[in-house]
Structures are given as structure tokens and as C-alpha cells.
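Shown next, in C-alpha cells, is the structure this report addresses.
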């Protein structure tokens, strides 16, 4: 792997970057996350990842019995001063809308976060991010995993408010049917159809 000598990498300050720094660092590529005060750069997206985002994206959520909520993609959620991850999809309360230029939503306005597992982000998607989302009090978390060549599984979790941990309430392989945080019915069998 070759690196260009023209690339300048941001140097973290003592103690790492803060959530407020993320919008101020010049030259950052799109979709950089902040996890534990460190910048996490995006990897190229796989076909599976892209298809799952299309399958679960805004038209599926918006206007389907979820008054007061809207879906957002490719934006970050401000959890703490050192945690500002970018879920693949979020379901957010309308009162979180402040400006067409905003780049993040506060955790208390987010009802659902969805992470589609990629090879480069397995540990973050399965372990670190769910823990951070739960500690921030986000009520619903879905983890989407690839199964075999053409299948997908959606693991649906709800927050236990006492322990601030997610509990798995269901797994969906052929059809995703849920009533919380919104009514949804999606055929998962055609994720990677021919």
C-alpha cells in the first residue's frame, strides 16, 4: 500500500479529539466518526452494505405510523464529548431539527440506531457502538449481519433502562416485522437477488 506524501493526517491534541472538533478539522473526508476521542475513517462500502441501506432507508421509515419521527443517514449522533459515531441509519424525533446545515443529532432525540456490519467495523458494530448507544440511553438498536451469499439477519434490541444495556428481543431473517419504535414490514429475502 502506498501513501501520498501530500496527505496530511490530523494530529490529535492531548487527550484526543472532542465531538465539537469533528466539524472544525479542515480537510476531513465525509463520514468520519469519533470513537473514544479517535477519528475513525470510513472504508469502501460493500454491495451488501449498500443494499441493506437501500432496503431499510428513509421511505421505509418515514410516514408509516411513526408520527413525530424521521429517518436520517450518514449523520452523526453526539453521545458524549469523546463519542460521536455515525450509525448507518437513525430514527430521530422531529424536534431535533435545527438547521439544514446541522451535522449531528443529540442522543436524547434518537429513538433507533441501525448498524450494518462490515468486515472493517465488526468489533465497533458488534461491541463498542452498542455499548455506547445503550449508555447514552438510545431505546432501540438493530444490528444487521450478512448470512451466506445472499441472506441477512436483523437482530433487534431494546434498551433495559435500569442496566443501560440492550436486550435482544428478536431476530429476523426472511421478513422484518416490528411495531417498535415504528410499524415496519420488510421482505429481507431479496437483499442480493439476481
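Any read-out appearing in this document is the output of simple, stated calculations on the displayed coordinates, not a laboratory observation. Because the structure is predicted, anything quoted here is derived from the model rather than measured. Note: ideal-geometry Cβ built from the backbone for every residue, glycine included; neighbour counts use all protein chains shown.
If R0 is 35 Å, the Cβ-Cβ spacing of residue 95 and residue 173 corresponds to a FRET efficiency of close to 0.50. Taking only the C-alpha atoms of region 76-194, the Rg (one decimal) and the largest Cα-Cα distance, Dmax (whole number), read 14.7, 45 Å. Each stretch of four or more DSSP H residues adds -39500 (n - 2.57); spread over every residue of the chain, this sum gives -2500 deg cm²/dmol at 222 nm.
Per-residue extension of 0.36 nm, minus the Cα-Cα distance of residue 50 and residue 158, leaves a gain of 36.4 nm for this segment. As a ratio to 2.2 N^0.38 Å, the alpha-carbon radius of gyration computed for region 65-107 takes the value 1.14. Of all DSSP beta bridges confined to the chain, the antiparallel ones make up roughly 80%. From most to least packed by mean Cβ count within 10 Å, the peptides 73-81, 158-166 give 73-81, 158-166.
Comparing 34, 47, 184 in a Gaussian network model of the chain (Cα springs below 10 Å), the most mobile by mean-square fluctuation is 47. Under a GNM of the chain (C-alpha, springs under 10 Å), which listed residue has the highest mean-square fluctuation: 68, 137, 37? Among 68, 137, 37, the largest mean-square fluctuation in the Gaussian network model of the chain belongs to 68.
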